[in-house]
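Visitor: First the structure, then my questions, so here it is.
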Amino acid sequence: MPGAERSTIEDVAHAAGVSVATVSRALRGLPNVASSTRARVEEAARDLNYRPDPNAARLATGRRSRTVAVVVPFINSWYFANVIAGAEAVCADGGYDLLVLTSPSPASRADPVGGLLGGDRRVDGMIFVEVALESDDIDELERLGVEVVTIGQRTDHFPALSIDNVAIGRLAVEHLVALGHRRIGVIAGQAEDPEHFDVPGQRIEGARRALADAGQRLDDDLVTAGQFTIEGGYRAAQVLLARTDRPTALFALSDEMALGALLAARDLGLDVPADVSLVGVDDHEVAEVIGLTTVRQHVVEHGAIAARTLLRQLSGGRRSTLRRGAPISVDEAELVVRRSTQAPAAGAAARS
């Protein structure tokens, strides 16, 4: 249909009920795809009139590897897994393979380029997701001619996708303050590399500003580490909710920690939200199921935007402006109000 948007590989994957990686393998005739799955993918592609982007595929032809690497601290995290999923979809649609690499320890992060690209690994471009690059690393990447996009860290050399984490923290706590909460606990986490990007610190700063706007202050005794895991959120909430002067609301810096907090409240015999309100961050798939109020990030799109930017660099498009470290715009986070928040009980509000 004239003027209609071109179907994407994500559309085919959704219609066939498989991952974008499976679609890519099936349509390229690669092995390790069941015949029934291949047939289902091909049928979905025909129904959607899907064709790989010819411009992207043509630009990829003749490059050294037709491979892009995404580097994350670890992959057993909802956030990083979804960033990877978004990047994978765009790379597959553009005719590139995606290589996932981890840089899990401070020792390995000290040399992410040499450590990750040693041996026979060859890539055309790299996306670093909250993995710090030092000046020596940047020099080495430029010497190798590897195009780079970062998520988290800002440099003067590569395009950077930066999320306004202060705004995320402010948005969450403004909602609680508007409901009447003043004694608010924060379930935080340890920054992977606070020198280059401190996501927890930025979200806590947003919480501080929201309380300050209401003439209140954030009690540092009510900020407890949750390690960005369900288990960590559970332990942190147990500490906060066992206090005689427990907070009337909790702000968890991720939905995974918020889920742990919800389980801790249940085990302590407390009702969410009657006894304690709860807000998370991300809009994890389980958030809607459990009725969690959260600040939604468009995480899959973050990965997709980074990958689109990288493929555009590989094509030579907008290179001169992007390589000077101009920030890449992303959709703003948005508050999603569900049933885990309400005004504090009259007595609790008075004590707070």
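Visitor: Want the number for Asp219 to Asp136: 0.36 nm per residue separation, take away the alpha-carbon distance, what's left?
Guide: Details: separation 83, 0.36 × 83 = 29.88 nm, distance 4.02 nm.
Full extension of this stretch gives 25.9 nm more.
Visitor: Then there's this: Where does the charge balance sit around Thr22 when Lys and Arg score +1, Asp and Glu -1, over other residues with C-beta under 15 Å from its C-beta?
Guide: -3
Visitor: What full-extension length gain, to one decimal in nm, is calculated for Val336 and Leu268 as 0.36 nm per residue of separation minus the Cα-Cα distance?
Guide: 21.9 nm is the gain from fully extending Val336 to Leu268.
Visitor: What is the local net charge at Val33, summed over the other residues whose Cβ is closer than 12 Å to its Cβ (Lys, Arg +1; Asp, Glu -1)? Let's see the in-between values first.
Guide: Details: positive: Arg25, Arg28, Arg38, Arg40; negative: Glu42.
Computed value for this residue: +3.
Visitor: On to the next question. Assuming R0 = 25 Å, what is the FRET efficiency of Glu301 and Arg28, from their Cβ-Cβ distance, to the nearest 0.05? Numbers along the way, then the final one.
Guide: Values: r = 25 Å, r/R0 = 1.00.
It comes out at approximately 0.50.
Visitor: Given points 7 Å out from each Cα along the Cα-Cβ axis, report the Ala81 to Val286 separation in nanometres with one decimal.
Guide: 1.0
Visitor: If I stretch the segment between Glu42 and Val239 completely, what's the gain in nm (0.36 nm per residue apart, minus their alpha carbon distance), one decimal? Show your work: numbers first, answer last.
Guide: Numbers: separation 197, 0.36 × 197 = 70.92 nm, distance 5.32 nm.
Extending this stretch completely gives an extra 65.6 nm.
No value in this document is a laboratory result; all are computed from the given coordinates. Only a predicted model underlies this, so the values are computations on that prediction, with no experimental measurement involved. With ideal geometry, Cβ positions are generated from the backbone for all residues, glycine too; neighbour counts draw on all protein chains shown.
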